[in-house]
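Please treat every number below as a calculation from the coordinates, not as lab data. If you're wondering where the values come from, they're calculated on a predicted model, not measured in any experiment. Reconstructed Cβ throughout: ideal geometry from the backbone, glycine too, with neighbour counts over all protein chains shown.
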Amino acid sequence: MIDIKYIRENPDVVRASQSGRGEDPGIVDRLLAADDLRRAAIIEFESLRAEQNIFSKTVGAAKGEERAALLEQGKTLSAQVKAADARRAEAEVVSQDLALLLSNVLDPATPIGGEEDFVVIEHVGTPRDFSADGFEPRDHVELGKLLGAIDTERGAKVAGSRSYYLIGVGALLEFALVNYAISSAVRAGFTPVIPPVLVNPAAMQGTGFLGQAAENVYHLEEDDVYLVGTSEVPLAAFHMDEVLNAEKLPLRYAGYSTCFRREAGTYGKDTRGIIRVHQFDKVEMFSFCHPDQAVAEHQRILQWEKEFLNSMEIPFRVLDIASGDLGSSANRKFDCEAWIPTQGTYREVTSTSNCTQFQSRRLNIRMKDGQVTSYVATLNGTAVAIPRMIVAILENHQNADGTVNVPVALQPFLGTTRFELV
């Protein structure tokens, strides 16, 4: 949520941000009009209530017929106060609902445009030349079968399309990736967390996932809870309605959880294998920090993501994501995309977003710095999304016979240097 004072003072900036995202700038004007009505309703209510308080003292001092007449007059005034309070409450709701429709204000450095208008910041590593190695690379589905690591047919039989089993070395590879990601995060100062994956509407709405992302969210209507698409949601809500000590910031958490996504609107995309699935596990980094430190913290999270990918010995590129492809909470986002040999392209495997104070205002997470209380900044970043990292490892480190070399960083967790055929 954006500070209403900021919107009043910078309406053109917020309108331009909405337009840059491809969203409705007219919401700004409707919100400002609703805010005027809200403030007028508050003034009216408080004025009538003050009048009522003064009137009550007059009634208390009156006697006889005068008191009876004043009591009748008091009933009328009381009804006016009640009606004014109802108008104030309604104006608050209208104003709040409109405020929730606005996305975060874009960072001025964010590229403007749609999904394909990202800016490539850097390339790291060189894609492997398989022709020089004398063989055509197999994709992760074929490799997964040869290694007894991935079973999508039984996954579809049991759970439907975009479902899968990780078996044997596939399951062991997930555990190795999680352990390596968590141990790396702990060294960087993150506290490991296993959060709930069922959350209430306040947590989901507070993090901004009931807006443009709602179509991809699983909602259990009978219980009115949501399955999270990322542990960003329970991590962000961890300090909901709390006041944090500014001296202890940043507070960094690394959450391991299963994630659930409908993948609505993506039918026909990446249907083969485990690149785009309904359920997967992930380690997510999350930081609560002073707003003045948010930009620097964003770069730190990006650096940790790059270090992880480097340790997997996989070529990747870093993107500055364009405005129209940002989630509503983010004012800037960087993606790291790993090279996928059989597709001849890069695929997103990690991302990190600076959400400034947008989520903390919704979740009411503040910090106290001396005598000053204000909202914290929140940032998130993927340490590792398991399926896509498995895809990248299998395809980039395969051998001609179908075996796969294990990245050096994972060998202590797996006790082997190579995955053999079953």
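Residue by residue, what Karplus-based ³J(HN,Hα) values in Hz, rounded to whole numbers, does the range 343-356 have, using 6.51, -1.76 and 1.60 with θ = phi - 60° and x for Gly and Pro?
9, x, 8, 9, 10, 4, 10, 9, 8, 9, 10, 9, 9, 6
Grab the beta carbon distance between residue 405 and residue 93, set R0 = 45 Å, and tell me the FRET efficiency rounded to 0.05. Write down the numbers at each step before the final one.
On the way: r = 59 Å, r/R0 = 1.32.
Efficiency at R0 = 45 Å is approximately 0.15.
May I ask you to order 385-394, 12-21, 112-121, 372-381 by the average number of other C-beta atoms within 10 Å around their residues, highest value first?
My ranking of the peptides, most packed first, is 385-394, 372-381, 12-21, 112-121.
If the chain between residue 37 and residue 154 were fully stretched, how many nm would it gain, using 0.36 nm times the residue separation less the Cα-Cα distance?
Extra length from residue 37 to residue 154 when fully extended: 36.3 nm.
Using 27 Å as the Cα-Cα cut-off, could you pick out the over-long pairs in 282/306; 145/282; 145/306; 82/368; 157/282; 157/306?
With Cα atoms farther than 27 Å apart: 145/306; 82/368; 157/306.
Would you pull out the residues with amide H under 5 Å of residue 121's amide H, same chain only if 5 or more places away, H placed 1.01 Å from N?
318, 319, 320
Please give the residues of the range 85-118, grouped as numeric ranges, whose backbone N is less than 18 Å from a label point set 7 Å along the Cα-to-Cβ vector of residue 3.
Output list for this probe position: 99-100, 102-108.
Taking the simple approach of a point 7 Å from Cα along Cα-to-Cβ for both residue 126 and residue 223, what is their distance in nm?
Reported label-point gap for residue 126 and residue 223 is 5.3 nm.
For each of 165, 6, count neighbouring Cβ atoms within 10 Å of the residue's Cβ, then give the residues from fewest to most.
Placing the least packed residue first, the sequence is 6, 165.
If one takes the longest principal axis of the Cα atoms in the chain, at what angle in degrees, from 0 to 90 and to the nearest 10, does the Cα axis of helix 11-20 lie?
30
Run the helix sum for the chain: -39,500 (n - 2.57) per DSSP H stretch of 4+ residues, divided by residue count, reported at 222 nm to the nearest 500 deg cm²/dmol. Numbers along the way, then the final one.
Numbers: 14 runs with 180 residues, N = 422.
Roughly -13500 deg cm²/dmol at 222 nm, from the helical runs in the chain.
Under 5 Å between amide hydrogens, which residues at least 5 positions from residue 262 or on another chain qualify, with H placed 1.01 Å from N in the peptide plane?
217, 218
Of 367, 285, how do they rank once you tally other Cβ atoms within 10 Å and put the fewest first?
367, 285
Starting from the Cα of residue 136, step 7 Å toward the Cβ, then list every residue of the range 394-422 with an amide N under 20 Å from that point.
394-404
For the chain, what value does the Rg/Rh ratio take when both radii are computed over Cα atoms and Rh is the Kirkwood radius, given to two decimals? Before the final figure, lay out the partial values.
Values: Rg = 27.0 Å, Rh = 24.2 Å.
Reported Rg/Rh, Kirkwood definition of Rh: 1.12.
Length gain on complete extension for the stretch residue 417 to residue 258, per 0.36 nm per residue less the alpha carbon to alpha carbon distance? Spell out each step's value before the answer.
Numbers: separation 159, 0.36 × 159 = 57.24 nm, distance 2.76 nm.
In short, 54.5 nm is gained.
Give the separation of the Cα centroids, the range 355-422 to the range 40-56, in Å.
Measuring centre to centre over Cα atoms gives 55 Å.
5 Å is the cut-off here: which amide hydrogens, built 1.01 Å from N in the peptide plane, fall below it relative to residue 244, excluding neighbours closer than 5 in sequence?
Under 5 Å from the amide H of residue 244: 366, 367, 368.
Among 204, 146, 130, which residue has its Cα furthest toward the positive end of the charge dipole of the range 127-208, with +1 on Lys/Arg Cβ and -1 on Asp/Glu Cβ?
204
Mind checking which of 298, 397, 140 has the largest fluctuation in a GNM of the chain, springs on alpha carbons under 10 Å?
397
Could you list 163, 287, 353, 184 so that the one with the fewest beta carbons within 10 Å of its beta carbon is first and the one with the most is last?
Final ranking by Cβ density, sparse to dense: 163, 184, 353, 287.
Lys/Arg Cβ at +1, Asp/Glu Cβ at -1, dipole of the chain taken about the Cα centre: which of 47, 254, 343 is farthest positive-ward?
Checked the options; the winner is 47.
What are the ³J(HN,Hα) couplings of the range 253-262, residue after residue, when phi is run through the Karplus curve with 6.51, -1.76, 1.60 and θ = phi - 60°? Round to Hz, x for glycine and proline.
Here the 3J(HN,Hα) series is 10, 10, x, 9, 7, 7, 10, 10, 9, 5 Hz.
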